[in-house]
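Everything below concerns the one structure shown next.
The values are calculated or read from the model by the stated rules, or taken from the named source; none is laboratory data. Since this is a predicted model, take the numbers as computed values, not measurements. All Cβ positions, even for glycine, are placed from backbone atoms using ideal geometry, and neighbour counts span all protein chains on display. Areas reflect the complete protein model, heavy atoms only, side chains present, ligands, DNA and RNA absent. Shrake-Rupley method; radii C 1.70, N 1.55, O 1.52, S 1.80 Å.
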Amino acid sequence: MTTNMAKIAALVTPSERQISWNEMEFYGFIHFTVNTFTNQEWGDGSESPAIFNPTAFDAHQWVDTCKLAGMSGLILTCKHHDGFNLWPTQLTEHSVKNSPWRDGRGDMVKEVADACREGGIKFGVYLSPWDRHEPSYGDSEVYNEFFVGQLKELLTGYGEIFCVWFDGACGEGPNGKKQVYDWDRYYEVIRELQPNAVISVCGPDVRWCGNEAGHTRTSEWSVVPASMLDNEKIQENSQQVDDGMFAKRVPSQDEDLGSRGVVEAADGLAWYPAEVNTSIRPGWFYHPQEDDQVRSTDELLDIYYGSVGGNGTFLLNLPPTPSGRIHEHDVQRMKELGDVLRHTFATDLAVDVKASCSSMLDEHHHANRVVDERTDTWWSAPEGMEEAWIELDLGEEHSIDHAVLMEHIRSGQRIERFRLECRGEEEEWTEISSGTVVGYKKILRFPAVHARFIRLMIEESRWCPTLQKFGVYYAGKNC
């Protein structure tokens, strides 16, 4: 990459809404509709609203379960592909208003949104563009008007929304015609009514990681070719058959999305960060036969470290049972996961310790900025300096087994390769970890070492590297 291209890539930055989303890190997905009562993954739109009756529904239990794991938000499937609406929409009779639940007077979207706000977490909506019940689907102009009307109901009736989540699953309408989605109009409505909400997956703000299996890339770049903004909107790439294999697919051809070679060949660049979405069970909806197939705590931790700790976010699905409550096995797993994370990151041993560096842009960007626990200060190397180091003196020897690195992403994503070293009072430097990209957050796990000095060696970067945080932790045997 030429120096000019390196600088161009380094200076691509996120919007404020993307930063707010990144800071959420870990949040929940709730898949709940008529499929929960038919024991299916996809409904075909013929299901009667009469089957929808979660007699023990408790939105606060959903929120409490998310909080057990340390989640910061919840996204609800307000309408899945079957077309059944969890709110009393005025645009179709296929909704909770014609179900026995709450005697037809319920509004599940409202109850969940209210419970999120009361519980101190954010609320987001999933609305399937594909609608297998709506007769106008396939008559593009008419259906787009219908879909925009539903969007407006959700974006004006339920308070602040942090995310509008669109997937790309699609199929033919009842008349055999392909529906042409008016994505630009959908985005315009969202920007007007919920300007702080990110538009995810089939949207310009948040990129799908590329699989539903929890697989994460070794190097996850937020700066990628601008052509990727349209990837999930291409109908030929969408999921059209409920065969159970889509969730297990892990494409290998797109492992590298933002290296120097990729960026150099791109016609344009965009800040388009990744979200990792997967389910705690094999299915997205609840199936009783999967009660003994809940992912283990160790497996969920691996996905967490690969996503949140790998410059992405983690969207974990928790499918409620037909009663309307999240199963006790899933609740227990969320508590176990949350307990490990809270224990691991309870104490940052590097807060306010002595920090030094190889070079700095100026006194406002000194190395001590990485240990001051502020988000509005950061260290920066001088412009054009692509290699640098930062050293922490913990004051005395400590056992450590985790480190957290965070770039100042308002300045861009720049670090390409680094290694982490440590030493005791009289010892030589020893490498304990290494990596490629950092971005919003990089979490490093390594066998416990006993050290007083920790050094980050930045071996490659674009233009000049920045660092907002350099944290050091010890989880011990409880991790």
Problem - Largest to smallest principal axis extent of the C-alpha atoms in region 284-408, angstrom - result: 60, 34, 22
Exercise for the section: Enumerate the calculated ³J(HN,Hα) couplings along region 191-202 in order (Karplus 6.51 cos²θ - 1.76 cosθ + 1.60, θ = phi - 60°), each rounded to whole Hz, writing x wherever the residue is Gly or Pro. Expected result: 4, 6, 8, 9, x, 8, 7, 7, 9, 10, 6, 8
Fill in the blank from the handout: Stretched fully, the stretch from R445 through D352 gains (0.36 nm per residue minus C-alpha distance, one decimal, in nm) 31.3 nm
Completion exercise
Compactness check, region 25-87: C-alpha Rg relative to the 2.2 N^0.38 Å globular estimate gives 1.23
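Considering all alpha-carbon pairs of region 283-333, what whole percent are spaced by more than 12 angstrom? Could the numbers behind the result be given before it?
Values: 853 of 1275 pairs.
More than 12 Å apart: 67 percent of the Cα pairs in region 283-333.
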Fill in the blank from the handout: Once amide hydrogens are built 1.01 Å from N within the peptide plane, the residues lying 5 or more places from K122 or on another chain with amide H under 5 Å from its amide H are G73, L74
Practice task
Label region 1-160 by shape, choosing from rounded, prolate and oblate, from the square roots a ≥ b ≥ c of the eigenvalues of the Cα gyration tensor; if a/c is under 1.5 it is rounded, and otherwise prolate applies when a/b is larger than b/c, oblate when it is not.
Solution key: oblate
Problem - Crossing angle, helix 328-344 versus the chain [Cα axis fit, 0-90 degrees, rounded to tens] - result: 20 degrees
Problem - Heavy-atom surface of the chain, accessible at 1.4 Å and reported per residue (Å²) - result: 39 Å²
Fill in the blank from the handout: Cross-link reach from K177 to lysines, straight Cα distance under 22 Å and at least 8 residues apart if same chain, gives K79, K233
Completion exercise
Kirkwood radius from Cα pairs of region 141-202 plugged into Stokes-Einstein at 4 °C, 1.567 mPa s, gives D in µm²/s equal to 103 µm²/s
Completion exercise
Extend 7 Å from the Cα of A56 along its Cα-to-C-beta direction; within region 288-319, residues with backbone N under 17 Å of that point are 288-292, 319
Practice task
Can you check how the C-alpha radius of gyration of region 82-157 compares to 2.2 N^0.38 Å, as a plain ratio?
Solution key: 1.17
Handout entry: Separation in nanometres of the label points that stand 7 Å from Cα toward Cβ, at H364 and E397
Key = 4.2 nm
Practice task
Take T278, T218 and sort them by solvent-accessible surface of the protein heavy atoms, 1.4 Å probe, largest at the top.
Solution key: T218, T278
Exercise for the section: Using only Cα atoms, locate the centre of region 442-479 and the centre of region 130-159, then give the distance between them in Å, rounded to an integer. Expected result: 48 Å
Problem - Evaluated at q = 0.12, 0.15, 0.20, 0.26 Å⁻¹: base-10 log I(q)/I(0), Debye formula over Cα of region 1-54 - result: -0.59, -0.66, -0.80, -0.97
Completion exercise
Mean separation of Cα contacts under 8 Å (at least 6 apart) over the residue count of the chain, i.e. the relative contact order in percent, is 16 percent
Problem - Long-range tail of P(r) for region 363-425 (Cα pairs > 13 Å, %) - result: 71 percent
Problem - For a label point 7 Å along the Cα-to-beta-carbon line of V180, residues of region 124-158 with backbone N under 12 Å - result: 139-142
Exercise for the section: Could you state the orientation-averaged shadow area of the convex hull built on the Cα atoms of region 98-198, in nm² to one decimal? Expected result: 7.2 nm²
Practice task
Take the Cα atoms of region 131-176, build their convex hull, and give its volume per residue in Å³.
Solution key: 76 Å³
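What's the FRET efficiency of H329 with E255 using the Cβ-Cβ distance as r and R₀ = 35 Å, to the nearest 0.05?
The formula returns an efficiency of 0.60 here.
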Handout entry: At 1.002 mPa s and 20 °C, Stokes diffusion of region 368-479 via Kirkwood alpha-carbon radius, µm² per second
Key = 151 µm²/s
Exercise for the section: Using only alpha carbon positions, build the gyration tensor of the chain, then give the equivalent ellipsoid semi-axes as the square roots of 5 times its eigenvalues, largest first, whole angstrom. Expected result: 42, 25, 18
Problem - Loop-located GluC sites (Glu not before Pro) in region 317-423 whose Cβ has at most 13 other Cβ within 10 Å (DSSP) - result: E373, E383
